[in-house]
Number of protein chains: 2
Amino acid sequence: MEFKEAKNKFVQTWGALGSQWGINKTMAQIHALLMISNEPVSMEDIMEELQISRGNTSMNLKALMDWGIVYKEYKAGERREFFTAEKDLDELAVKIARERSKREIKPALKILKEVSTIDVSNSAEEKHFVDQTSKLYDFVLKADNMLDKMTEFNENWLGRLVLKIMK
Amino acid sequence: MEFKEAKNKFVQTWGALGSQWGINKTMAQIHALLMISNEPVSMEDIMEELQISRGNTSMNLKALMDWGIVYKEYKAGERREFFTAEKDLDELAVKIARERSKREIKPALKILKEVSTIDVSNSAEEKHFVDQTSKLYDFVLKADNMLDKMTEFNENWLGRLVLKIMK
DNA sequence: ATAAACTTTCATTTATTTTTGAAAGTTTAA
DNA sequence: TTAAACTTTCAAAAATAAATGAAAGTTTAT
């Protein structure tokens, strides 16, 4: 396989993986493209490479920056903007985890808490509901806290050092 | 909040969470409904409760059974089929993790391996590509193995015992 | 202050995914 | 073996999500 083919295959695969996990295909593809670029890429280049419109590119770059996994860069003497991706994979994982937790898990937890704390009659059905949703609340909370712990650990310099050494 | 309202809120929330993670809404809603049911539920009941068609119900129940998180049950003297969800959350997590690994992660890993092992010229661009995709391969492999280890641990009876005691 | 170079926004179009429902298939009881 | 009771399939329709592109907005150089 030659480079160009491999590059394309990687971008397509990353895009497909993204959509299976609820991230829009183009967003994942742009991210893939930036990840494997050794230098900042302009909007024009992204449009050209992925054959997508300016608007689409702009919106998805914005989304990637909101997730904190793509950065804007300015080149001296260049008017236009360039973009780079976070390339440290631990950092990337932490940022994605934190963002999904904030946007999706935390709000779901709030609802789980609400519905699991209703007053119920003593019908078996209602008791089971409270029991099961409470368990679910505890489970999700525990899993989410684990993520938090991991991200904290990754932010703390000693932790980072340990990780680096372990690699 | 009264029971019926809480139940509905839970089903809607679980459905929304599902779609954010690439699982179709109805599939997640049916699963939610079965999770909080203290007894097996018929197809008719699911259709009624979620206001969806017979075909939709049938297909999504099949998908849930393929994932191994919903089971068919037969009641003595009843012609129609009933359904129950896996209610043990550790078991549920393991099954979802295993299935997503098999369907999505493993195939992606295969591609990552392919593209990260191409022969490249010594251009910085191509070197960076191989370097970055190799790192990604290692990273994803490590994460996926971690899941495998967790599922193995969960299947082994001693591990289960330890988990039970820890709870 | 003006205009060129560039980016963002958002109403409309397009593509993708999900749902429907009727026909085909299956199982069971008599 | 027949028919009633039930489930599955799948082509077509509907709903949802994503992409386009032109107009509006912004920044920078002169």
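The values are calculated or read from the model by the stated rules, or taken from the named source; none is laboratory data. It should be emphasised that the depicted structure is a prediction, and the values quoted were computed from it without experimental measurement. No Cβ is skipped: glycine too gets one built from the backbone with ideal geometry, and neighbour counts run over all protein chains shown. All accessible areas refer to the heavy atoms of the entire protein, side chains included, with ligands and DNA or RNA removed. Shrake-Rupley method; radii C 1.70, N 1.55, O 1.52, S 1.80 Å.
Here is how the numbers come out for the structure above:
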| item | result |
| --- | --- |
| Hits in the range A:29-53 - residues which are within 11 Å of DNA strand C (Cβ to nearest atom) and of a type in the set (Gly, Ala, Ser) | A:42, A:53 |
| Residue that is nearest to residue B:31 (Cα to Cα), among those in the range A:82-119 that are of a type in the set (Val, Ile, Thr) and open to solvent by 50 Å² or more (accessible area, probe 1.4 Å) | A:117 |
| Selected residue (criterion: nearest to the chain's Cα centre (by Cα)) from residues of the range A:54-81 that are near DNA strand C (Cβ under 8 Å from one of its atoms) and open to solvent by less than 20 Å² (accessible area, probe 1.4 Å) | A:61 |
| Odd one out for residue B:24, checked against (1) within 12 Å of DNA strand C (Cβ to nearest atom); (2) farther than 23 Å from residue A:22 by Cα; (3) within 14 Å of chain A (Cβ to nearest Cβ) | (2) |
| Single residue of the range A:34-53 satisfying the filter (in a helix (DSSP H, G or I) and more than 11 Å from chain B (Cβ to nearest Cβ)) that is least open to solvent (accessible area, probe 1.4 Å) | A:46 |
| Any hit, the range B:5-18, residues being surrounded by 15 or more Cβ atoms within 10 Å (Cβ to Cβ) and either in contact with a strand residue (DSSP E or B) (Cβ under 8 Å, 6 or more places away or on another chain) or within 22 Å of residue B:102 (Cα to Cα) (or both) | yes |
